[in-house]
Amino acid sequence: MSAPLTLFGKVALVSGSCTPGIGAAIARELARRGASVIVNYPYDGERDNAIKVVQSLDKHSHSITIKADLSTVEGPEILAKEAAAAFGRIDILVNNTGVALAHNIDDPDDAKVLSIMQKMLDINSRGTYLLTRAVLKVLSRENSRIVNISSGSSRSPGTGLSMYAGTKGMIDALTRSWAKELPRKYGCTVNAVAPGVTGTQSFYEASPQFREFLQPHIDDTPVAPRVARPEEVAWAVAMLCEEEAGWINGAYLPVGGGSTMV
């Protein structure tokens, strides 16, 4: 049975939505509810993946792909401008682009640590900040939504994830700040969804050592000893985009089966 088209007529921009995982699942859920979706990919090598995501979306409305590398200073502005050129406005912004790179703070390789740190800062923190800044220029001034994808690691980090947890902690701080600063001026709400360990393509392609490292955390998840499905995270994001969610603002919503509680 098809879902009610509760977001029909809305335009949603989902960054980092070209590969199988949380971003693509969010794009599909928003489209299932009737929204037109902009699927973002960073470079030409991901174009075919982005097209496949668009082809998988419900055909209630028009969805497109836009290339923009959010790890660059120029990428967020390019993405917002091309989205506005295509649709005239944006109603929903989902800041999903992110990268998780494990390392230890006492790693003796300074160049390696600085490279890892800079990449996560550029994509996770600066990319989210600059894309939101650019989108505000074309954001609908009534019942619009900004949803930032945080992580359970921002509140309950694992070993070797201090910089990743730190960049996601910045997302949490930005969410709270924007939730106070933006709603009356831009007619929006601002919330964060924080997935726990999720069964994305990158998770299943990770090294056996990394998955073994995560297994005790997965086994201790209160609801069930399993990872989240990307669709479960997408449902939480889409719920916050509904008109009836207009009084939810500044929330940090964990989607990890109780592995992170606030």
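The values are calculated or read from the model by the stated rules, or taken from the named source; none is laboratory data. Just so it is clear, the model here is predicted, and its values are computed rather than measured. As a convention, Cβ positions derive from the backbone with ideal geometry for all residues, glycine included, and neighbour counts pool all protein chains shown. Areas reflect the complete protein model, heavy atoms only, side chains present, ligands, DNA and RNA absent. Shrake-Rupley method; radii C 1.70, N 1.55, O 1.52, S 1.80 Å.
Among the residues of the range 219-231, write down those that are surrounded by 19 or more Cβ atoms within 10 Å (Cβ to Cβ) and more than 16 Å from Asn95 (Cα to Cα). Steps first, answer last, please.
Initially, the range 219-231 is screened for residues surrounded by 19 or more Cβ atoms within 10 Å (Cβ to Cβ), giving 227-228, 230.
Of everything in the range 219-231, those that are surrounded by 19 or more Cβ atoms within 10 Å (Cβ to Cβ) and more than 16 Å from Asn95 (Cα to Cα) turn out to be Val227, Ala228.
Quick one: would you say Trp235 is under 13 Å from the mean Cα position of the chain (by Cα) and open to solvent by 30 Å² or more (accessible area, probe 1.4 Å)? Break it down into steps so the answer makes sense when it comes.
Values: under 13 Å from the mean Cα position of the chain (by Cα): yes; open to solvent by 30 Å² or more (accessible area, probe 1.4 Å): yes.
Yes.
One residue stands out in the range 158-190 among those that are of a type in the set (Val, Ile, Thr) and surrounded by 18 or more Cβ atoms within 10 Å (Cβ to Cβ): the one that is farthest from the chain's Cα centre (by Cα), namely Thr189.
The residue list Ser125, Ser115, Ser71 contains one member that is hydroxyl-bearing (Ser, Thr, Tyr) and farther than 25 Å from Pro20 by Cα, which is Ser115.
Does the range 124-132 contain at least one residue that is assigned to a helix (DSSP H, G or I), within 28 Å of Asp172 (Cα to Cα) and among the aliphatic types (A, V, I, L, M)? If you could, list the steps in order and put the result at the bottom.
Quick first cut of the range 124-132, residues assigned to a helix (DSSP H, G or I) only: 124-132.
Checking the rest, the ones that are also within 28 Å of Asp172 (Cα to Cα) come to 124-132.
Now restrict to residues that are among the aliphatic types (A, V, I, L, M): 130-131.
Yes, some residue in the range 124-132 is assigned to a helix (DSSP H, G or I), within 28 Å of Asp172 (Cα to Cα) and among the aliphatic types (A, V, I, L, M).
Of (1) of a type outside the set (Phe, Trp, Tyr); (2) buried (at least 17 other Cβ atoms within 10 Å of the Cβ); (3) within 16 Å of the chain's Cα centre (by Cα), Ala134 satisfies all except one. Which? Condition (3) is where Ala134 drops out. The single condition from (1) at pLDDT 95 or above; (2) on the phi < 0 side of the Ramachandran plot; (3) open to solvent by 40 Å² or more (accessible area, probe 1.4 Å); (4) in contact with a Gly (Cβ under 9 Å, 6 or more places away or on another chain) that Asn143 fails is (2). Scanning the range 89-112 for residues that are in contact (Cβ under 8 Å) with a residue 40 or more places away in the chain, more than 13 Å from Asn40 (Cβ to Cβ) and not hydrophobic (A, V, I, L, M, F, W, C) yields Arg89, Asp91, His103, Asn104.
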